[in-house]
Structures are given as structure tokens and as C-alpha cells.
Amino acid sequence: MTSPSRPDSARSKVGAVFRVTSGNFLEQFDFFLFGFYATYIAAAFFPAANEFASLMMTFAVFGAGFLMRPLGAIILGAYIDDVGRRKGLIVTLSIMASGTLLIVLVPGYHTIGLWAPALVLLGRLLQGFSAGAELGGVSVYLSEMATQAARGSTPAGNRAANRSPSWSPPPWAMA
């Protein structure tokens, strides 16, 4: 005999999975929007005599976010292990939102000068720091919520849905 609370439990799990994966998607979407709008960001925050130089400065700041990912994975990963997945994911989402909000609210170079690119860089560093722990935290959280039979497929499904780039060893190292 099943308990009457069983459908509510399944519904709450589905809701939790939806919230976690949609939060992860939005976080990665925010992170990569910077690359899509690089030409506009270059003109607003990194004006230079040469458009190519301006665009390269923008991509350097874009890449700086990726350099923060390992540091975020180490520091925030340990924090998430200490406080729990749910609280830790809320922190990573808050850090990502702070970085995104900072980038959105920074006035252009012509208004505040060198502070503009410095603040945009700070926002990207916050975003990268947060993104470093997000995927691992979400994958572990989903696998902890999964039934015993679905444990191996849940993180893999999240990874496939996320489509964010990750490091993988070169082919010759996998032999």
C-alpha cells in the first residue's frame, strides 16, 4: 500500500529538479551572453583606436572568467560540502547574479573611465568563480535526489542538457 503523500513527494522532486536545472541554465546563459555581445561590450567598455584591439581586450576579460572556474570549484565546492547542496547552490547563484548585475549596471568608459573595464572584469571574475562550482554542485544535488535506479543517469542528463564546455583530457592521455 502506498502512502497518500507519495504523489506530493514526486511532485516536489520534479519541482526541485526543474528549479535546479533552470537555475543552472540561466547561470550558464548569463555567463556566455558576454561572448555573444562582445562587439557591443568592446565599444562601451574598452574603446581603443583600433576596433580589433578593443575586441581583444573584451575577449581577454571574457577569458578571465574561465580562469576563475578552478578556483571557484575548489573554494565553493568545499563550502557546498560543508553547508549542504541547497544552501551552497543558493550562494553560487547569488554570486553569479552579483557578477551579472555588476556588469549590467556599470556605466560605460566615457562616463567613469578606467573604472568601467575594471568593474566589468570584477563582474566576470565573480561569474567565473561561481560557475566553477555550479555544475558539480548541481550534478551531485540531482544524483542525491534521484532514486537508486536512476542515480547514474541523472548527472549525465544534466551535463548533456547544460551544453557548457568543460575540460577533457587530450585523446593521447586517455589511452
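Check the stretch 47-70 and report whether any residue there is at pLDDT 90 or above, closer than 17 Å to VAL91 by Cβ and in a loop (DSSP other than H, G, I, E, B). Yes. Being surrounded by 17 or more Cβ atoms within 10 Å (Cβ to Cβ), of a type in the set (Val, Ile, Thr) and more than 17 Å from LEU125 (Cβ to Cβ) is a property that ILE80 has. With the condition kept exactly as written, say whether any residue in the stretch 143-158 is closer than 19 Å to PHE25 by Cα, modelled with pLDDT under 75, out of contact with any Ser or Thr (no Cβ under 7 Å at 6 or more places or on another chain) and surrounded by 14 or more Cβ atoms within 10 Å (Cβ to Cβ). The answer is yes, given that some residue of the stretch 143-158 is closer than 19 Å to PHE25 by Cα, modelled with pLDDT under 75, out of contact with any Ser or Thr (no Cβ under 7 Å at 6 or more places or on another chain) and surrounded by 14 or more Cβ atoms within 10 Å (Cβ to Cβ). Taking residues in the stretch 91-118 that are part of a loop (DSSP other than H, G, I, E, B), and partners anywhere that are aliphatic (A, V, I, L, M), the pairs with Cβ atoms closer than 7 Å and at least 6 places apart or on different chains are VAL106/ALA116; VAL106/LEU119; VAL106/VAL120; PRO107/ALA116; GLY108/ALA44; GLY108/ALA116.
Conditions tested, residue by residue: (1) surrounded by 14 or more Cβ atoms within 10 Å (Cβ to Cβ); (2) polar (S, T, N, Q).
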site: LEU26; (1), (2): yes, no
site: ASP30; (1), (2): yes, no
site: PHE36; (1), (2): no, no
site: ALA42; (1), (2): yes, no
site: PRO47; (1), (2): yes, no
site: GLU51; (1), (2): no, no
site: SER54; (1), (2): yes, yes
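Whether a residue is more than 26 Å from PRO107 (Cβ to Cβ), surrounded by 13 or more Cβ atoms within 10 Å (Cβ to Cβ) and of a type outside the set (Lys, Arg) was assessed, and VAL17 passes this test. Go through ARG85, ARG124, ARG69 for me and flag whichever is surrounded by 14 or more Cβ atoms within 10 Å (Cβ to Cβ), touching a helix residue (DSSP H, G or I) at 6+ places or on another chain (Cβ under 9 Å), under 23 Å from LYS13 (Cα atoms) and basic (Lys, Arg). On inspection, the qualifying residue turns out to be ARG85. Every condition in (1) surrounded by fewer than 17 Cβ atoms within 10 Å (Cβ to Cβ); (2) in contact with an Asp or Glu (Cβ under 9 Å, 6 or more places away or on another chain); (3) β-branched (Val, Ile, Thr) is met by THR100 except one, and the failing one is (1). Selection of the stretch 34-58 for residues being in contact (Cβ under 8 Å) with a residue 24 or more places away in the chain and aromatic (Phe, Trp, Tyr) yields PHE34, PHE45, PHE46.
The values are calculated or read from the model by the stated rules, or taken from the named source; none is laboratory data. These numbers were taken from a predicted model, which means no experiment stands behind them. Cβ: placed from backbone, ideal geometry, glycine included. Neighbour counts: every protein chain shown.
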